[in-house]
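Scroll down for the structure; my scribbles are underneath it.
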Amino acid sequence: MDKEKTLKQITDRSKNTMVGNMGIELTDIGEQFICGKMPVDYRTKTPFGVLHGGSSVALAETLGSIIGGFQVDSETQTVVGIDINASHLKSVSGGWVYGKAEAVRIGRKIQVWDINIKDENQNLVCKSRLTLAVINKR
């Protein structure tokens with residue numbers, strides 16, 4: 001896998017989507033992991049000035065869904081989120097947060113991904129688990 005080419009292709013497809021509008025950037029990808037970052041700014045904060053929990057969940061599902069899609073035959077299959085949970089552990093008021101999605105289980109019908117989101121000081125901000133269903137394209 002050509003990491004730079006793959007990351008650029010995904011970034012190009014993300015323009016004019018929620019991913020692009022939130023400022024999510026992919027930073028690394030491997031066979032069973034992906035990393036990305038998201039700004040903590042006016043797009044991702046609550047009215048109280050801290051990172052919105054929904055923004056963390058959006059980052060988690062973005063990362064897990066993208067890498068999950070790489071685990072299936074993209075000609076005939078795709079993945080869809082069927083469950084996500086998130087424990088918000090620490091508030092962040094500025095800068096960037098960094099997420100990493102890693103495989104827990106990659107099955108023929110179900111995938112489970114563990115996503116950790118950390119702040120710039122490596123403090124765990126959000127711990128998330130995403131379950132994806134593998135479905136056939138129509």
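The values are calculated or read from the model by the stated rules, or taken from the named source; none is laboratory data. This one's a predicted model, so the numbers in the text were calculated from it and none came from an experiment. Cβ sites come from the backbone with ideal geometry, for glycine too, and all protein chains shown count toward neighbours. Surface areas here come from the heavy atoms of the whole protein model, side chains and all, with no ligands, DNA or RNA. Shrake-Rupley method; radii C 1.70, N 1.55, O 1.52, S 1.80 Å.
Table for the structure above
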| read-out | value |
| --- | --- |
| Pair list, Cβ < 8 Å and 6+ apart or interchain, from the stretch 36-50 residues that are touching a residue at least 60 places away in the same chain (Cβ under 8 Å) and within 22 Å of Ile66 (Cβ to Cβ) to residues that are acidic (Asp, Glu) and part of a strand (DSSP E or B) | Gly36/Glu25; Lys37/Glu25; Met38/Glu25 |
| Among residues of the stretch 39-51, those that are of a type in the set (S, T, N, Q) and open to solvent by less than 20 Å² (accessible area, probe 1.4 Å), counted | 1 |
| Strands (runs of 3 or more DSSP E) lying entirely in the stretch 78-138 (those with 2 or more residues that are in contact (Cβ under 8 Å) with a residue 60 or more places away in the chain, open to solvent by 70 Å² or more (accessible area, probe 1.4 Å) and under 21 Å from Ile29 (Cα atoms)) | 96-106 |
| Qualifying residue in the stretch 54-68 (condition: over 15 Å from the mean Cα position of the chain (by Cα) and surrounded by fewer than 17 Cβ atoms within 10 Å (Cβ to Cβ)) | no |
| Single match in Ile34, Ile24, Ile29 (criterion: hydrophobic (A, V, I, L, M, F, W, C) and either modelled with pLDDT under 95 or within 14 Å of Gly95 (Cα to Cα) (or both)) | Ile24 |
| Number of the condition not met by Gly36 [criteria: (1) open to solvent by 20 Å² or more (accessible area, probe 1.4 Å); (2) touching a strand residue (DSSP E or B) at 6+ places or on another chain (Cβ under 8 Å); (3) not β-branched (Val, Ile, Thr)] | (1) |
| Odd one out for Ile67, checked against (1) in contact (Cβ under 8 Å) with a residue 24 or more places away in the chain; (2) β-branched (Val, Ile, Thr); (3) touching a Leu at 6+ places or on another chain (Cβ under 8 Å) | (3) |
| Residue match in the stretch 16-27 (condition: farther than 25 Å from Ala103 by Cα, open to solvent by 50 Å² or more (accessible area, probe 1.4 Å) and not in a loop (DSSP other than H, G, I, E, B)) | yes |
